[in-house]
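A.B. asks: Before we start, here is the structure in question, set down as structure tokens.
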Amino acid sequence: NTDLIVLYAQNPAWSANGLAGWLFWQAKQRGAEFICVGPEKNASANLYDAKWIRLLPGTDTAFLLAVVYEMVRLDAEQGGVIDWDFIHTYCVGFDDESMPANAKLNENLLGYVRGDYDGIPKTPEWASALCATPPEDITYFANAVKKTTNTILSHGYAAGRCSGAEEVPQLFLT
């Protein structure tokens with residue numbers, strides 16, 4: 001019951017617990033589109049005729065920060081990209097409005113991706129220099145996973161198998 005399945009840092013057509021590859025194939029037969037994010041165009045990207053978004057190993061944080069930047073930019077331009085009601089009801093620390101009253105720092109994720117604190121906006125061009133993902137692919141991904149798309153975000157373990165990878169699951173959820 002989805003329109004888009006994102007296979008992030010995984011290859012269920014090659015190796016997965018249970019029947020993931022077969023279930024994804026059933027979704028493909030019912031019209032779901034796929035995006036595969038990772039360093040190689042793997043068997044899953046080929047099997048599901050997925051849009052492959054290349055990403056150098058260990059650069060997921062840069063990629064995902066640029067995705068946040070682009071989602072905010074696209075939402076300001078066209079609307080319907082970010083679920084602000086959800087963020088302001090259930091999330092802490094995304095923007096000024098979602099900061100807790102007793103926060104010791106006045107910094108939040110939105111300010112960080114805009115470059116408010118370090119002078120470096122986390123744009124697709126900035127991320128591309130680090131992760132080798134073309135800027136237009138970052139913009140494509142940010143627009144594809146917007147709130148109006150019925151999406152499954154499926155994350156594998158591969159991106160978390162490097163030093164400093166604790167940011168990856170946090171940004172993936174963001």
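The values are calculated or read from the model by the stated rules, or taken from the named source; none is laboratory data. Predicted, not measured: the structure shown is a model, and the values here were computed from it. Counting neighbours? That spans all protein chains shown, and the Cβs are built from the backbone with ideal geometry, glycine included. Side chains are part of the model used for accessible areas, which takes the heavy atoms of the whole protein and leaves out ligands, DNA and RNA. Shrake-Rupley method; radii C 1.70, N 1.55, O 1.52, S 1.80 Å.
A.B. asks: Could you calculate the contour length gain from Leu153 to Tyr140, that is, 0.36 nm times the residue separation minus the distance between their Cα atoms, to one decimal place in nm?
C.D. replies: 3.2 nm
A.B. asks: For the range 28-96, what does the relative contact order come out to in percent, with C-alpha contacts under 8 Å and a separation of six or more?
C.D. replies: Value for the range 28-96: 19 percent.
A.B. asks: Suppose each label sits 7 Å from its Cα in the direction of the beta carbon; what would the Ala76-Ala129 distance come out to in nanometres?
C.D. replies: Label at Ala76, label at Ala129, 2.1 nm between them.
A.B. asks: Using the Karplus curve 6.51 cos²θ - 1.76 cosθ + 1.60 with θ = phi - 60°, what ³J(HN,Hα) values do you get for each residue of the range 167-174, in whole Hz, with x for Gly and Pro?
C.D. replies: 6, 4, x, 5, 6, 4, 5, 5
A.B. asks: Assuming R0 = 22 Å, can you tell me the calculated FRET efficiency for the pair Asp83 and Asp3, based on Cβ-Cβ distance, to the nearest 0.05?
C.D. replies: 0.85
A.B. asks: While we're looking at this one, here's another question. How much length is gained if the chain between Glu40 and Leu19 is pulled fully straight, taking 0.36 nm per residue apart and subtracting their Cα-Cα distance, in nm to one decimal?
C.D. replies: Numbers: separation 21, 0.36 × 21 = 7.56 nm, distance 2.23 nm.
Here the segment from Glu40 to Leu19 would lengthen by 5.3 nm.
A.B. asks: I'd like the accessible area for Lys51, computed on protein heavy atoms only with a 1.4 Å probe and all protein chains in place. Round to 10 Å², please.
C.D. replies: For Lys51, solvent-accessible area is about 70 Å².
A.B. asks: Moving on to the next point. Going through the DSSP H helices of the chain, which span 24 Å or more along their own axis at the Cα atoms while scoring at least -0.5 as a mean Kyte-Doolittle hydropathy? Numbers along the way, then the final one.
C.D. replies: On the way: long enough: 60-78 (26 Å, 0.53).
Those that pass (Cα extent of 24 Å or more, hydropathy at least -0.5) are 60-78.
A.B. asks: Next up: With every protein chain left in place, what is the accessible area per residue of the chain in square angstrom, probe 1.4 Å? Could the numbers behind the result be given before it?
C.D. replies: Working: 9820 Å² over 174 residues.
In whole numbers, the chain has 56 Å² accessible per residue.
A.B. asks: Could you state how much accessible area Ile120 has, in square angstrom rounded to the nearest 10, with a 1.4 Å probe and all protein chains kept in place?
C.D. replies: Ile120 has an accessible surface of roughly 70 Å² with all protein chains in place.
A.B. asks: What percent does the relative contact order of the range 55-174 come to when contacts are Cα pairs within less than 8 Å and at least six residues apart?
C.D. replies: On the way: 143 pairs, mean separation 44.0, N = 120.
It rounds to 37 percent for the range 55-174.
A.B. asks: Right, another one. To the nearest 10 square angstrom, how much accessible area does Asp60 have with a 1.4 angstrom probe?
C.D. replies: The accessible area of Asp60 comes to roughly 10 Å².
A.B. asks: By the scheme Lys and Arg +1, Asp and Glu -1, what is the net charge of all other residues having a beta-carbon under 15 Å from that of Pro12?
C.D. replies: Once positives and negatives cancel, what remains is 0.
A.B. asks: Provide the FRET efficiency to the nearest 0.05 for the Asp118-Asp49 pair, computing r from the beta carbons and using R0 = 30 Å.
C.D. replies: 0.15
A.B. asks: Please give the charge dipole size of the chain, origin at the Cα centre, charges +1 on K and R Cβ atoms and -1 on D and E Cβ atoms. Round to the nearest 20 debye.
C.D. replies: It works out to roughly 640 debye.
A.B. asks: Summing +1 for each Lys or Arg and -1 for each Asp or Glu, what net charge is found among the other residues whose Cβ lies under 15 Å from the Cβ of Phe86? Walk me through the numbers on the way to the answer.
C.D. replies: Details: positive: Lys146, Lys147; negative: Asp75, Asp83, Asp85, Asp95, Glu97.
Taking every Cβ under 15 Å from that of Phe86, the sum is -3.
A.B. asks: Heavy atoms only, 1.4 Å probe, whole protein assembly: order Cys91, Cys131 by accessible area, highest first.
C.D. replies: So the residues, ranked largest to smallest area, are Cys91, Cys131.
A.B. asks: So for Thr89, Thr139, what's the accessible-area order with a 1.4 Å probe, most first?
C.D. replies: Thr89, Thr139
A.B. asks: Probe radius 1.4 Å, ligands and nucleic acids left out: which of Lys41, Lys146, Lys122 has the largest accessible area, and how do the rest follow? Walk me through the numbers before you get to the answer.
C.D. replies: Working: Lys41 105, Lys146 50, Lys122 0 Å².
So, going from the largest accessible area down, we get Lys41, Lys146, Lys122.
A.B. asks: Are there chymotrypsin sites (Phe, Trp or Tyr not before Pro) in the range 61-121 that DSSP marks as loop and that have at most 16 other Cβ atoms within 10 Å, and which are they?
C.D. replies: Numbers: sites: Phe63, Tyr69, Trp84, Phe86, Tyr90, Phe94, Tyr112, Tyr117; in loops: Phe94, Tyr117.
Answer by residue number: Tyr117.
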